[in-house]
Amino acid sequence: MKLRSKIHLYSSVLFALLLVLMSLTIYYLFSRMSLNSQLEQTRAAGAKIAAEMKKAAGNVPESDMLRAYVPAAGMIRLLGQDGSGPAAVTSASEQELSRVAGVYSASSRSEVTKLAGGTYAFVSIPVVWHDGKVMNVQVTENLDSTLNMLRVLRLVLAAVTLLVLLPLLISSRILAGLIMRPIVEMTLTMQDIKQSGKFRRLELDGRSKDELVEMGRTFNEMITLLESNYAKQEKFVSDASHELRTPLTVIESYASLLKRRGLDHPEVFLESVEAIESEAIRMKELTEQLLLLAGPKEQWNLDMAVINLAEVAENSAKAFRNAYGREVRVHSDRAIKGYSDEAKLRQLMFIFLDNARKYSDEDIIIRLETSGRESCIRITDRGIGISKTELPRIFDRFYRVDEARVREDGGAGLGLSLAAEISKAIGARIELESLEGTGTTVKIWIPSESREKR
Ligand code: ADP
């Protein structure tokens with residue numbers, strides 16, 4: 001069953017049940033109240049008649065007394081314990097009642113009872129008669145008028161229930177439609193996105209703030225996020241392919257040169273092989289960076305611990321000196337600690353050291369210091385620097401400052417975006433200050449101890 005039909009069915013059934021229950025309660029309470037009040041009236045009238053008859057007993061014949069007090073629609077009877085007493089007197093409309101035999105009762109009795117096919121209020125009051133015997137003054141009164149009124153009430157309640165049910169059914173259908181509309185629209189939009197492959201958004205009522213509009217807004221925000229991620233992904237793939245095409249083209253052209261002239265010209269052979277090797281190394285580095293950036297960060301298997309940052313800096317500087325023959329000086333007056341993953345921190349430092357190497361010619365300086373609950377590794381070069389306008393974009397993937405400035409060994413523009421990912425993973429913070437023509441300083445802020453401990 002569709003959700004819309006379910007909402008309609010459940011709310012209609014619930015409303016109908018509530019209405020019927022309400023009508024039944026009203027009818028039950030009202031009928032009890034009116035029958036009780038009718039019985040109370042008969043009881044009061046019976047008591048009054050009994051008192052007056054007792055007073056007149058002996059002076060007025062009993063049958064005359066009965067005739068004088070007979071109710072407009074009912075019967076009056078005077079009954080002794082042994083069934084003695086004058087014949088019951090009935091009103092003209094209730095002659096049938098006289099056939100019903102009287103039953104003596106030692107105590108006062110009052111009840112609503114069914115007699116001769118009708119419903120009556122019956123009252124029996126014991127009275128000590130003038131001859132010393134106990135007699136029952138019994139008054140029976142027809143309840144037709146009350147029953148008629150109750151019948152009308154039944155009809156009115158049934159009609160009102162039906163009348164109210166009709167708009168309720170319609171309104172619950174409208175309500176179901178109202179709730180379902182945004183959901184249906186959302187489903188249609190999703191189906192459309194699935195079929196056309198294009199991102200679409202829901203049209204929302206800007207004024208309303210209800211939960212359904214909120215849901216639609218969240219859906220639209222999610223689509224915007226998906227769209228931007230999709231665009232980023234597309235750009236990433238196209239940039240990556242573009243980056244890979246250049247070295248591949250170089251390799252292809254050198255390979256065909258080798259094929260044509262390599263065997264006869266040893267100098268061409270050497271130049272081609274060297275070029276192919278260096279392009280292959282570039283491609284390898286690029287694919288490694290791409291794999292790191294595209295892969296899931298959860299698989300980085302971090303090994304976070306409190307480590308000696310001065311030692312890490314010293315080791316990185318040594319490895320760098322050996323690899324590139326560039327002087328890297330480390331300044332640290334004491335052992336400075338930091339909570340990090342050693343391998344990832346080294347990788348991070350290598351990215352910044354590599355940039356310092358690529359974009360400067362003088363010595364690179366590493367300084368370590370602590371400030372509050374953080375330790376800082378500061379890497380400074382006195383190279384070409386980065387202009388203020390370029391600074392905000394250098395962490396974007398594949399972004400390179402002015403291609404013309406990029407030296408021969410410049411990378412693909414992935415180093416800093418990878419650095420941003422690594423620092424996020426190890427809980428470090430990066431600050432980059434640069435002045436064009438003067439140099440660049442990168443600060444890596446590392447928490448001194450585990451955050452859970454604080
Ligand atoms: P790449 O691999 O091309 O160096 P990065 O993402 O590491 O890419 O850096 C992005 C750009 O920022 C570089 O192309 C370079 O122009 C600039 N840059 C980064 N570090 C420095 C630095 N220390 N000095 C001058 N320019 C830098």
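The values are calculated or read from the model by the stated rules, or taken from the named source; none is laboratory data. Keep in mind that what you see is a predicted model, and the values were worked out from it rather than measured. Note: ideal-geometry Cβ built from the backbone for every residue, glycine included; neighbour counts use all protein chains shown. These area figures cover heavy atoms from the full protein model, side chains too; ligands, DNA and RNA do not enter into them. Shrake-Rupley method; radii C 1.70, N 1.55, O 1.52, S 1.80 Å.
The alpha-carbon positions of region 244-312 define a convex hull whose volume is 134 Å³ per residue. Protein heavy-atom surface of region 83-226, 1.4 angstrom probe: 63% of the accessible area is carbon and sulfur, with nucleic acids and ligands not counted.
Residue pairs exceeding 24 angstrom between C-alpha atoms, taken from LYS235/LYS297; LYS198/LYS284; LYS284/LYS443; LYS232/LYS424: LYS198/LYS284; LYS284/LYS443. For the chain, the longest principal axis of the C-alpha atoms and the axis of helix 144-196 are separated by about 10°.
Stretching the chain fully between LYS55 and LEU21 yields a gain of 7.1 nm (0.36 nm per residue, less the alpha carbon separation).
By the helix-only formula, in which each DSSP H run with n ≥ 4 contributes -39500 (n - 2.57) and the sum is divided by residues, the chain has a 222 nm mean residue ellipticity of -18500 deg cm²/dmol. Modelled spin-label separation between SER107 and ALA425, with each label point placed 7 Å from Cα along the Cα-to-Cβ direction: 9.4 nm. Solvent-accessible surface of protein heavy atoms, probed at 1.4 angstrom with all chains present, puts GLU111, GLU252, GLU40 in the order GLU252, GLU40, GLU111, largest first. Quotient of the Cα radius of gyration of region 114-154 and 2.2 N^0.38 Å, N being its number of residues: 1.71.
Using a basic spin-label model with each label point 7 Å from the Cα along Cα→Cβ, how many nm lie between ASP402 and LEU9? Between ASP402 and LEU9, the label points sit 7.3 nm apart.
Summary of packing: across the peptides 65-77, 310-322, 222-234, the per-residue average of other C-beta atoms within 10 Å ranks them, highest first, as 65-77, 310-322, 222-234. Using +1 at the C-beta of Lys and Arg and -1 at the C-beta of Asp and Glu, which of ILE430, LEU147, VAL70 has the Cα lying farthest in the positive direction of the dipole of the chain? With unit charges placed on the Cβ atoms, the residue in question is VAL70. For region 282-372, with all protein chains in place and a probe radius of 1.4 Å, 46% of the accessible heavy-atom surface sits on carbon or sulfur.
What the pair-distance distribution of the chain shows, using all Cα-Cα distances binned every 20 Å from zero, is 16, 23, 16, 11, 11, 14, 8, 1, 0 percent. With Cβ to Cβ distances under 10 Å as the rule, what net charge do the other residues near GLY118 carry (K, R +1; D, E -1)? Charge balance in the 10 Å sphere: -2.
Packing around the peptides 117-128, 23-34, 171-182, taken as the average count of other Cβ atoms within 10 Å per residue, puts them in this order, highest first: 117-128, 171-182, 23-34. Summed over all non-identical Cα pairs, the Kirkwood treatment of region 73-178 gives a radius of 17.1 Å.
Helix 266-294 and the longest principal axis of the C-alpha atoms of the chain enclose an angle of approximately 20°. The C-alpha atoms of the chain define a longest principal axis, and helix 342-358 lies at about 50 degrees to it. Taking packing as the residue-averaged number of other Cβ atoms within 10 angstrom, the listed peptides 418-424, 349-355 run from highest to lowest as 349-355, 418-424. Both numbers refer to the Cα atoms of region 34-85; Rg and Dmax are 12.2, 38 Å.
Given 37 °C and 0.692 mPa s, how large is the Stokes-Einstein diffusion coefficient of region 221-378 in µm²/s, with Rh as the Kirkwood radius over Cα pairs? Let's see the in-between values first.
Values: Rh = 19.5 Å.
Taking Rh from Cα pairs, D becomes 169 µm²/s.
Here region 313-454 is treated as a Stokes sphere of Kirkwood radius computed over C-alpha pairs; at 20 °C and 1.002 mPa s its diffusion coefficient rounds to 138 µm²/s.
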